[in-house]
Amino acid sequence: MTATAPGAGKPQAPPKDRGPRRVRGGSVIGSAGLYAATGVAALLFLVPFYLIVRNALSTDAQITGEEWAFFPTDVQWANVTEPFEDPTVDFARSLWNSAVVGVLHTVGTLLVCSLAGYGLARIPYRHANKVFHAVLVTLMVPTAVTFVPSFVLVSSLGWVDSYRGLIVPGLFSGFTCFLFRQYFLGFPRELEEAARVDGLGYGGAYWRVVVPNSLNFFAAIATITFIGGWNSFLWPLVIGQDPSAWTVQVALSSYMTNQTVNFHLVFMATAISILPLVCVFLFLQRWLVQGVAQTGIKG
């Protein structure tokens, strides 16, 4: 006979209801402090945007006057069209140039750096680590060191005042290549192996399997690259010697001279120039956060 534990056949009493759990005061205070700190940081982040919009819709006297108003009482809506009516600067043309440079620069950088990162992460090659270390070394070289040789090369090719001169020299980024390599190292190999069973090589697996399953990361890198291309100033300033080749950042600098500064025009042109960036960021912010979280800095 087997021994039976006492009370084994008796029904178990339901657990007593101890009422709602008490929330610790420390956690409430910590959450409140976190939200307060986040709110303060958000306000500080929005202060420059407020100043840009406020000054863009004001007169020069209201901007530089001693008395400060939170927002101008007589809003100068005519300032919106003034950058496009300035005969000295073709502001609309500069916006178009920045859009073309930003889009082509982003597409080219994604193509070149993703292929390089995938090759370093997946294609077996005995010198792959040496090539990767050489790419990392380029991150330690200041841009000023390569600025003059790059300009001499572009000038010798006749690419001054052209989209090729503005875009091609900056297509490869060592940091972007590094991010793609680290991401592809964490990409599931099972998906690529299934593609090779179906007869696809490295190129076919990259285009048909890796890229469609990495759109979040590609969108994140595209957002960062587009913002960087749109905000670039020094290289477009040297390459775009003719006003028709100016980007928006070069056009903004032309409003500030040693003699005069048209404050409301500068602020209005600045507000117009950052509007595309705000729209791109708001549209892609979800993919930006997810993509950065998937970089997987390892390997």
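The values are calculated or read from the model by the stated rules, or taken from the named source; none is laboratory data. Worth saying up front: this structure is predicted, and the values here are computed from it rather than measured. Cβ placement follows ideal geometry from the backbone for every residue including glycine, while neighbour counts extend to all protein chains displayed. Each accessible area value is taken on the protein alone, full model and side chains, heavy atoms only, with ligands, DNA and RNA left out. Shrake-Rupley method; radii C 1.70, N 1.55, O 1.52, S 1.80 Å.
Of the residues making up region 207-219, those that are over 20 Å from the mean Cα position of the chain (by Cα) and open to solvent by less than 70 Å² (accessible area, probe 1.4 Å) are Val209, Val210, Pro212.
Within the span defined as region 176-187, one or more residues are over 30 Å from Ser94 (Cβ atoms) and exposed (fewer than 15 other Cβ atoms within 10 Å of the Cβ). Counting only helices (runs of 4 or more DSSP H) wholly contained in region 1-119, the ones carrying 2 or more residues that are modelled with pLDDT of 85 or more and in contact with a helix residue (DSSP H, G or I) (Cβ under 9 Å, 6 or more places away or on another chain) occupy 25-56, 82-85.
When Phe233 is tested against (1) within 17 Å of the chain's Cα centre (by Cα); (2) open to solvent by 40 Å² or more (accessible area, probe 1.4 Å); (3) closer than 16 Å to Val107 by Cβ, just one condition goes unmet, and that condition is (3). Going residue by residue through region 133-143, is there one that turns out to be part of a helix (DSSP H, G or I), within 25 Å of the chain's Cα centre (by Cα) and under 23 Å from Val280 (Cβ atoms)? Checked against the condition, which is being part of a helix (DSSP H, G or I), within 25 Å of the chain's Cα centre (by Cα) and under 23 Å from Val280 (Cβ atoms), region 133-143 yields no hits at all. Search region 183-211 for residues that are over 14 Å from Leu115 (Cα atoms) and pair each with any residue that is modelled with pLDDT under 85 when their beta-carbon atoms are under 8 Å apart and the residues are at least 6 apart or on different chains. Listed by first residue and then by second, the contacts come to Gly186/Gln294; Gly186/Gly296; Gly186/Lys298; Gly186/Gly299. Report yes if some residue within region 193-206 is surrounded by 15 or more Cβ atoms within 10 Å (Cβ to Cβ) and within 24 Å of the chain's Cα centre (by Cα); otherwise report no. Within region 193-206, one or more residues are surrounded by 15 or more Cβ atoms within 10 Å (Cβ to Cβ) and within 24 Å of the chain's Cα centre (by Cα). Checking the structure you have, find out if any residue of region 125-138 is of a type in the set (Val, Ile, Thr), in contact with a Gly (Cβ under 6 Å, 6 or more places away or on another chain), open to solvent by 30 Å² or more (accessible area, probe 1.4 Å) and at pLDDT below 90. Checking region 125-138: at least one residue is of a type in the set (Val, Ile, Thr), in contact with a Gly (Cβ under 6 Å, 6 or more places away or on another chain), open to solvent by 30 Å² or more (accessible area, probe 1.4 Å) and at pLDDT below 90. Among the numbered conditions (1) more than 24 Å from Gly228 (Cβ to Cβ); (2) in contact with a Gly (Cβ under 9 Å, 6 or more places away or on another chain); (3) open to solvent by 20 Å² or more (accessible area, probe 1.4 Å), the only one that Leu157 does not meet is (1).
Of the residues making up region 41-67, those that are exposed (fewer than 12 other Cβ atoms within 10 Å of the Cβ), among the hydrophobic types (A, V, I, L, M, F, W, C) and within 15 Å of Phe267 (Cβ to Cβ) are Val47, Ala61.
Could you list all residues from region 246-268 that are touching a residue at least 40 places away in the same chain (Cβ under 8 Å), assigned to a helix (DSSP H, G or I) and within 26 Å of Phe281 (Cα to Cα)? Don't jump to the end; show me each part of the working.
The first filter runs over region 246-268 and keeps only residues touching a residue at least 40 places away in the same chain (Cβ under 8 Å), leaving 246-251, 254-255, 262-265, 267-268.
Still in the running and assigned to a helix (DSSP H, G or I): 248-251, 263-265, 267-268.
Selection gives Val248, Gln249, Val250, Ala251, His264, Leu265, Phe267, Met268.
Regarding Trp68, is this residue free of Cβ contacts under 8 Å to residues at least 12 places away in the same chain and in the same structural domain as Phe233 (by TED's automatic domain parsing)? No.
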